[in-house]
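See structure below.
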Amino acid sequence: MVSADVYEKLEQELRRGVVVLAVLSQLRSLRYGYELRQALVERGLPIEEGTLYPLLRRLEAQGVLSSEWQTAEGKPRRYYRLSAEGLRLYERLTSTWRGLNEAMEPLLESGAAP
């Protein structure tokens, strides 16, 4: 029997790449971190703040996101959105994701149950 620790590590590996694509999918318009996190949770993909904020900073440093500070509605918030390069990356990753899903479906359906 596979230990819970092994399962958790493998699940974390699966989620890691999915989280990047999920974040990109929600940043075609301006969003601040908490709003983004809530949108992901509402759509069934919970993400820890300790994962989300470093990811946003990394993606911005890579030129995938742009950000701006807004202070009009009280507390200052940093809003993120896809840069032009980020939009191209999102489209490419989405295409790759769809191709992987297409390939995986028949594999998962034909897999022999133990």
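Values quoted throughout were computed directly from the atomic coordinates according to the rules given, and no laboratory measurement underlies them. What you see is a predicted model, and the numbers here were worked out from it, not measured in a lab. Virtual Cβ from ideal backbone geometry, glycine too; neighbours counted across all protein chains shown.
Values computed for the structure shown
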read-out	value
Cleavage-rule hits, GluC sites (Glu not before Pro), segment 20-67, DSSP coil, Cβ neighbours within 10 Å at most 10	Glu48
Those trypsin sites (Lys or Arg not before Pro) in segment 1-102 that DSSP places in a loop and that have at most 15 other beta carbons within 10 Å	Arg28, Arg43
Nonlocal amide H pairs with Leu65, under 5 Å, H built at 1.01 Å	Glu60, Ser83
Two-site label geometry, Thr96 and Gln38: point separation in nm, points 7 Å out along Cα→Cβ	3.2
Expected 222 nm ellipticity per residue - DSSP helices of 4 or more, -39500 (n - 2.57), all of the chain, to 500	-21500 deg cm²/dmol
Rg in Å to one decimal, and Dmax rounded to a whole Å, for the chain via C-alpha atoms	16.9, 59
